[in-house]
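Asks: Here's a structure for you.
The values are calculated or read from the model by the stated rules, or taken from the named source; none is laboratory data. Here the structure is a predicted model, which is why all the values come from computation and not from measurement. Cβ coordinates were reconstructed from backbone atoms using ideal geometry, including for glycine residues, and neighbour counts include every protein chain displayed. SASA here: full protein model, heavy atoms, side chains in, ligands and nucleic acids out. Shrake-Rupley method; radii C 1.70, N 1.55, O 1.52, S 1.80 Å.
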Amino acid sequence: MSSPTAVGAPAPKQRQPRGIYLLFGVEMWERFSFYGMRAILVLFAADATRGGLGWSQAAASRLMSVYALAAYSLPVLGGWLADRFLGTHRAMVIGAFIIAGGHFMLAVPTVPTFFLGLAMVAFGTGLFKVNASTMVGQLYAPGDSRRDAGFTIFYMGVNAGSFFGQIICAQLAESPRFGWHWGFGAAGVGMLLGLALYLPLRPKYLAGIGDAPNRAIAATVAPVGAPLTRDERDRLTALLVMFAFTIIFWMAYEQASTSLNFFAQDHTRRTFGGLVIAAGTFQSINPIVIVLAAPLFAALWRALARRGREPSTPTKMGAGLVLVALGYVVMVLAAQRADRGVLVSPLWLVAVYTFHSFGELCLSPIGLSLVTKLSPTKMVARVMGVWFFATAVGEFLAGQFAALTDRIARGEVFHLFGGQADFFFVLVVFPIAVAIPLFALTPWLRRRMHGLDV
């Protein structure tokens with residue numbers, strides 16, 4: 001029997017389950033591979049001088065949109081397989097092996113292996129991504145106050161892997177000594193390192209987590225065919241409405257891999273003291289800002305909560321949309337300078353990615369946590385898949401919109417500032433136009449969460 005805490009003594013700090021740190025590690029290496037490859041994909045497709053595909057930038061952007069649509073929509077299938085048959089652990093491991101194989105296919109310098117590799121990475125991501133996130137939620141009982149902090153730790157793994165992957169893979173790929181396929185191969189090595197970490201340690205730190213399909217777990221509480229309760233239907237409705245609003249956020253945010261990547265390559269000063277910084281490396285600004293700023297945002301939410309003023313999840317998501325729009329205000333100014341024919345300072349992109357990272361912190365980690373809170377147990381992986389499907393639609397729209405960069409810059413669609421500034425101005429307007437109705441709907445959404453937006 002434990003002794004009571006002395007009057008006036010601080011409550012003991014709650015420790016996180018040790019499994020969260022193992023999931024941090026495997027997610028870090030998977031994101032190393034995913035974002036490392038993503039940093040160079042459109043640049044490889046548009047390269048005509050060093051063994052790339054030689055496509056136009058518009059065609060390369062459309063390739064990214066189709067690949068991203070597949071990678072982020074297949075989690076719906078991955079979640080269904082985990083819920084019904086495999087369990088989250090097996091689905092995640094199978095996905096990891098397929099991802100590694102896909103990256104090694106990309107490392108073979110032929111066109112057929114390139115497309116086979118992309119397809120494998122997309123399918124493997126569909127199995128891995130949704131189930132890694134769901135396993136984090138499975139570490140916590142309903143109502144466990146450690147859940148949000150656990151997802152923040154997990155999200156730090158996402159960004160640590162992204163940071164190193166985008167530097168290492170981009171520098172190898174854009175180096176005259178190595179080349180594109182070294183970058184793709186390095187991504188595959190990263191995924192294998194994640195498996196080498198996870199598989200030996202999993203029996204000790206995650207024993208039993210994710211073994212049984214979620215449908216079987218739910219059957220211990222209610223019959224498999226039992227209909228959803230009214231509260232469950234209301235919560236799912238709230239989730240789906242918020243998912244719809246995130247689409248425009250991701251459409252704007254995911255310009256990082258296309259239009260902002262090409263802006264770094266063509267319009268940004270990248271030579272410093274004889275050292276050439278790879279264009280894809282600029283995408284690593286985002287994860288380092290996330291890692292540095294995440295504790296500050298967590299402290300802000302805690303401070304506001306103590307005063308009873310912490311924003312609701314829909315309000316935080318609306319703030320994320322506003323912040324991504326502010327990043328493109330900076331980009332409009334940078335594009336106006338670049339349109340005069342000069343290479344602009346890299347500090348413009350640093351500012352843009354910083355605003356976007358702040359926006360991401362208001363939307364993505366709390367969204368992952370909210371999915372595990374509001375979803376019925378028997379379908380939590382599938383609902384997580386739908387969260388990623390909303391990202392998929394945003395990613396697809398991002399690439400399709402990026403393909404319009406030159407047409408908008410030439411004034412063929414409309415003319416306001418002229419040049420690329422008009423393209424980036426659209427990305428100011430869209431997120432603001434979506435944030436306003438999200439703020440207005442917040443009370444309605446909170447009522448349908450029935451007290452679980454905590």
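Asks: Kindly establish whether PHE282 is surrounded by fewer than 22 Cβ atoms within 10 Å (Cβ to Cβ), touching a helix residue (DSSP H, G or I) at 6+ places or on another chain (Cβ under 6 Å) and either at positive phi or part of a helix (DSSP H, G or I) (or both).
Replies: No, not satisfied.
Asks: Pairs please, first residue from region 236-258 and at positive phi, second anywhere and open to solvent by less than 10 Å² (accessible area, probe 1.4 Å), Cβ atoms under 7 Å, 6+ apart in sequence or on different chains.
Replies: Matching pairs, first to second residue: none at all.
Asks: Another question, if that's okay. In region 192-214, which residue that is assigned to a loop (DSSP other than H, G, I, E, B) and free of Cβ contacts under 8 Å to residues at least 12 places away in the same chain is nearest to GLY87 (Cα to Cα)?
Replies: GLY208
Asks: Say whether the condition of being in a loop (DSSP other than H, G, I, E, B), out of contact with any Leu (no Cβ under 8 Å at 6 or more places or on another chain), of a type in the set (Lys, Arg) and under 22 Å from LEU41 (Cβ atoms) is met by at least one residue in region 126-136.
Replies: Taking every residue of region 126-136 in turn, none turns out to be in a loop (DSSP other than H, G, I, E, B), out of contact with any Leu (no Cβ under 8 Å at 6 or more places or on another chain), of a type in the set (Lys, Arg) and under 22 Å from LEU41 (Cβ atoms).
Asks: Inside region 269-314, can you point out the residues that are more than 30 Å from ALA238 (Cα to Cα) and in contact with a Cys (Cβ under 8 Å, 6 or more places away or on another chain)?
Replies: GLY280
Asks: Buried (at least 17 other Cβ atoms within 10 Å of the Cβ), farther than 18 Å from TYR155 by Cβ and modelled with pLDDT of 95 or more: is that true of ALA392 in this structure?
Replies: Against the criterion (buried (at least 17 other Cβ atoms within 10 Å of the Cβ), farther than 18 Å from TYR155 by Cβ and modelled with pLDDT of 95 or more), ALA392 does not qualify.
Asks: Among the candidates PHE154, PHE164, which residue alone is more than 30 Å from GLN265 (Cβ to Cβ), of a type in the set (Phe, Trp, Tyr) and touching a residue at least 60 places away in the same chain (Cβ under 8 Å)?
Replies: PHE154
To keep it simple, each residue is scored yes or no on (1) part of a helix (DSSP H, G or I); (2) closer than 27 Å to PHE164 by Cβ; (3) open to solvent by 10 Å² or more (accessible area, probe 1.4 Å).
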{"residue": "LEU77", "(1), (2), (3)": "yes, no, yes"}
{"residue": "ALA100", "(1), (2), (3)": "yes, yes, no"}
{"residue": "VAL108", "(1), (2), (3)": "no, yes, yes"}
{"residue": "ASP148", "(1), (2), (3)": "yes, yes, yes"}
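Asks: Could I ask something else about it? Among the residues of region 404-432, which ones are crowded, with 16+ Cβ neighbours inside 10 Å and in a loop (DSSP other than H, G, I, E, B)?
Replies: Of everything in region 404-432, those that are crowded, with 16+ Cβ neighbours inside 10 Å and in a loop (DSSP other than H, G, I, E, B) turn out to be LEU404, GLY419.
Asks: Give the residue that is nearest to the chain's Cα centre (by Cα), with candidates limited to residues of region 311-331 that are open to solvent by 40 Å² or more (accessible area, probe 1.4 Å) and farther than 16 Å from PRO365 by Cα.
Replies: For region 311-331, the residue satisfying everything is VAL322.
Asks: Give just the number: which of (1) touching a Pro at 6+ places or on another chain (Cβ under 8 Å); (2) assigned to a helix (DSSP H, G or I) does LEU228 not satisfy?
Replies: (2)
Asks: I'd like to know if region 372-381 contains one or more residues that are more than 22 Å from the chain's Cα centre (by Cα) and not polar (S, T, N, Q).
Replies: Yes: one or more hits.
Asks: Okay, moving on. Condition first: touching a helix residue (DSSP H, G or I) at 6+ places or on another chain (Cβ under 6 Å), in a helix (DSSP H, G or I) and either within 22 Å of ALA149 (Cβ to Cβ) or open to solvent by less than 20 Å² (accessible area, probe 1.4 Å) (or both). Now tell me which residues in region 370-382 satisfy that.
Replies: LEU370, VAL371, THR372, LEU374, THR377, VAL380, ALA381
Asks: Can you find a residue in region 425-444 that is over 17 Å from VAL329 (Cβ atoms), aliphatic (A, V, I, L, M) and in contact with a Leu (Cβ under 8 Å, 6 or more places away or on another chain)?
Replies: Yes, some residue in region 425-444 is over 17 Å from VAL329 (Cβ atoms), aliphatic (A, V, I, L, M) and in contact with a Leu (Cβ under 8 Å, 6 or more places away or on another chain).
Asks: On to the next question. Scan region 291-320 and report the pairs whose first residue is farther than 20 Å from THR246 by Cβ and whose second residue is open to solvent by less than 40 Å² (accessible area, probe 1.4 Å) and polar (S, T, N, Q), with Cβ atoms within less than 6 Å and a gap of 6+ or a chain change.
Replies: VAL291/ASN159
Asks: Here's something else I'd like to know. Kindly evaluate ARG177 against the criterion of being modelled with pLDDT under 95, more than 30 Å from LEU427 (Cα to Cα) and either open to solvent by less than 30 Å² (accessible area, probe 1.4 Å) or part of a helix (DSSP H, G or I) (or both).
Replies: Judged against the criteria, ARG177 is not a match.
Asks: Same structure, new question: Output the number of residues of region 180-202 satisfying the condition of being more than 19 Å from THR125 (Cα to Cα) and open to solvent by 50 Å² or more (accessible area, probe 1.4 Å).
Replies: Of the residues in region 180-202, 3 are more than 19 Å from THR125 (Cα to Cα) and open to solvent by 50 Å² or more (accessible area, probe 1.4 Å).
Asks: Sticking with this structure for a sec: Specify the residue that is modelled with the highest pLDDT; the eligible residues are those in region 213-237 that are more than 15 Å from VAL383 (Cβ to Cβ) and open to solvent by 80 Å² or more (accessible area, probe 1.4 Å).
Replies: ARG230
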